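Enquirer: There's a structure below that I have some questions on.
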Amino acid sequence: MIRAIIFDLDNTLTDFMKMKADAVSAAIDGMLDAGLKRSRTELQARIDAIYQAKGLEYQRVFDELLMLELGTIDPKIHAAGIVAYRKARSAMVLYPKVQLTLLELAKRGIRLGVVSDAPRAQVWQRLCSLGLQHVFDAVVTFDDTQVRKPEPAPFREVLRRLGVEPADSLMVGDWPERDVVGGRSLGMKTVFARYGDTFGTVESGADYDIDDVFELVAIVDRLDGGAGVPGGRRTHERG
């Protein structure tokens, strides 16, 4: 019986990559408007390289960009980029049917958790901006274990806080090498969120591949011996 479902956050509940791209684009526009004499293409390439080297959660990307381009941090250009970035970032939205899915799962008595590699502050900022701050029974971030998926510690910690055994849980995520591998290593059932995949994954290795988050409801009903969701699409189950 499924007693808990644990979600990755970025590209599983919210389209993080689209938000990130839109925010960076807005920041570039802001810096150009403030007087930065560089081409948009050059700035985009520089920012992409910084994130590639430091990770997408790196908080000083514009400081580093301006040091590389100008040898100093011009306060006007720096502020313009940050303000534009933050305004665009606030437009983060959930994937379709996420709210409906979480509601249906909660109605079934399923405990809900999040396990994310992002820092604690960023995770909670995203959850609050999405109106999900009261939805989850447990939220585990990088700061809670100091290791990233697929290391077992984050999965163990979220299961401990939820009070469930691995076999009674589902791990849902968009990154097979982290979410699926990590969950399966502890004996959790795994679900690959194909709709959030940014790597062109062909074989996820998960127990289930879904193209729509609402398919989770049918999976739970099936595993718990229920009748499933009337009119729901067949979920891709792997042998």
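Enquirer: Residues in the range 195-216 that are within 16 Å of residue 13 (Cα to Cα) and free of Cβ contacts under 8 Å to residues at least 24 places away in the same chain: how many?
Expert: Restricting attention to the range 195-216, the residues satisfying the condition of being within 16 Å of residue 13 (Cα to Cα) are 195-198, 209-216.
Then keep just the ones that are free of Cβ contacts under 8 Å to residues at least 24 places away in the same chain; that gives 215.
Here the count works out to 1.
Enquirer: Quick one: would you say residue 89 is more than 30 Å from residue 131 (Cβ to Cβ) and under 25 Å from the mean Cα position of the chain (by Cα)? Step through it out loud before you land on a result.
Expert: Values: more than 30 Å from residue 131 (Cβ to Cβ): no; under 25 Å from the mean Cα position of the chain (by Cα): yes.
Judged against the criteria, residue 89 is not a match.
Enquirer: Within the range 90-104, identify whether any single residue is more than 28 Å from residue 176 (Cβ to Cβ) and either among the polar types (S, T, N, Q) or in contact (Cβ under 8 Å) with a residue 12 or more places away in the chain (or both), and answer yes or no. Even if it seems obvious, please write down each step before you answer.
Expert: Filtering the range 90-104 down to residues more than 28 Å from residue 176 (Cβ to Cβ) leaves 90-91.
Remaining after also requiring either among the polar types (S, T, N, Q) or in contact (Cβ under 8 Å) with a residue 12 or more places away in the chain (or both): 90-91.
Within the range 90-104, one or more residues are more than 28 Å from residue 176 (Cβ to Cβ) and either among the polar types (S, T, N, Q) or in contact (Cβ under 8 Å) with a residue 12 or more places away in the chain (or both).
Enquirer: Can you tell me how many residues in the range 47-72 are farther than 13 Å from residue 24 by Cβ, among the hydrophobic types (A, V, I, L, M, F, W, C) and open to solvent by less than 50 Å² (accessible area, probe 1.4 Å)?
Expert: Summing the residues that are farther than 13 Å from residue 24 by Cβ, among the hydrophobic types (A, V, I, L, M, F, W, C) and open to solvent by less than 50 Å² (accessible area, probe 1.4 Å) in the range 47-72 gives 1.
Enquirer: Between residues in the range 9-37 that are more than 17 Å from residue 91 (Cβ to Cβ) and touching a residue at least 60 places away in the same chain (Cβ under 8 Å) and residues that are acidic (Asp, Glu) and surrounded by 22 or more Cβ atoms within 10 Å (Cβ to Cβ), which pairs lie under 7 Å by C-beta distance while being six or more apart or on different chains?
Expert: Close Cβ pairs satisfying both conditions: 12/174.
Enquirer: Moving to a separate point now. Identify, please: which residue in the range 11-58 is among the aromatic types (Phe, Trp, Tyr) and part of a helix (DSSP H, G or I) and is, among those, farthest from residue 194 (Cα to Cα)? Full working, then the answer.
Expert: From the range 11-58, those among the aromatic types (Phe, Trp, Tyr) are 16, 51, 58; that's our starting set.
After this cut, where a residue has to be part of a helix (DSSP H, G or I) as well, the list is 16, 51.
Numbers: 16: 14, 51: 24 Å.
Of everything passing the filter in the range 11-58, 51 is farthest from residue 194 (Cα to Cα).
Enquirer: Is there a residue being surrounded by 18 or more Cβ atoms within 10 Å (Cβ to Cβ) and not in a helix (DSSP H, G or I) anywhere in the range 73-92?
Expert: Going through the range 73-92, the residues surrounded by 18 or more Cβ atoms within 10 Å (Cβ to Cβ) turn out to be 77-78, 80-81, 84-85, 88-89, 92.
Then drop every residue that is not not in a helix (DSSP H, G or I), which leaves 92.
Yes: one or more hits.
Enquirer: Take the residues in the range 36-46 that are touching a helix residue (DSSP H, G or I) at 6+ places or on another chain (Cβ under 6 Å) and closer than 27 Å to residue 119 by Cβ, then tell me which one is most open to solvent (accessible area, probe 1.4 Å).
Expert: 46
Enquirer: A follow-up question, please. Out of all the residues in the range 145-184, which are in contact (Cβ under 8 Å) with a residue 24 or more places away in the chain, part of a helix (DSSP H, G or I) and over 22 Å from residue 110 (Cβ atoms)?
Expert: 152, 176, 177, 178, 181
Enquirer: When the residues of the range 95-154 are filtered to those that are small (Gly, Ala, Ser) and surrounded by fewer than 18 Cβ atoms within 10 Å (Cβ to Cβ), which remaining residue is nearest to residue 166 (Cα to Cα)? Show your work before the answer.
Expert: Taking the range 95-154 and keeping what is small (Gly, Ala, Ser), we get 106, 109, 113, 116, 118, 121, 129, 131, 138, 153.
The next check asks that each one be surrounded by fewer than 18 Cβ atoms within 10 Å (Cβ to Cβ); those that pass are 106, 109, 121, 129, 131, 153.
Values: 106: 19, 109: 17, 121: 27, 129: 30, 131: 28, 153: 13 Å.
Restricting to residues being small (Gly, Ala, Ser) and surrounded by fewer than 18 Cβ atoms within 10 Å (Cβ to Cβ), the top hit is 153.
The values are calculated or read from the model by the stated rules, or taken from the named source; none is laboratory data. These figures come from a predicted structure and were not determined experimentally. Cβ sites come from the backbone with ideal geometry, for glycine too, and all protein chains shown count toward neighbours. Side chains are part of the model used for accessible areas, which takes the heavy atoms of the whole protein and leaves out ligands, DNA and RNA. Shrake-Rupley method; radii C 1.70, N 1.55, O 1.52, S 1.80 Å.
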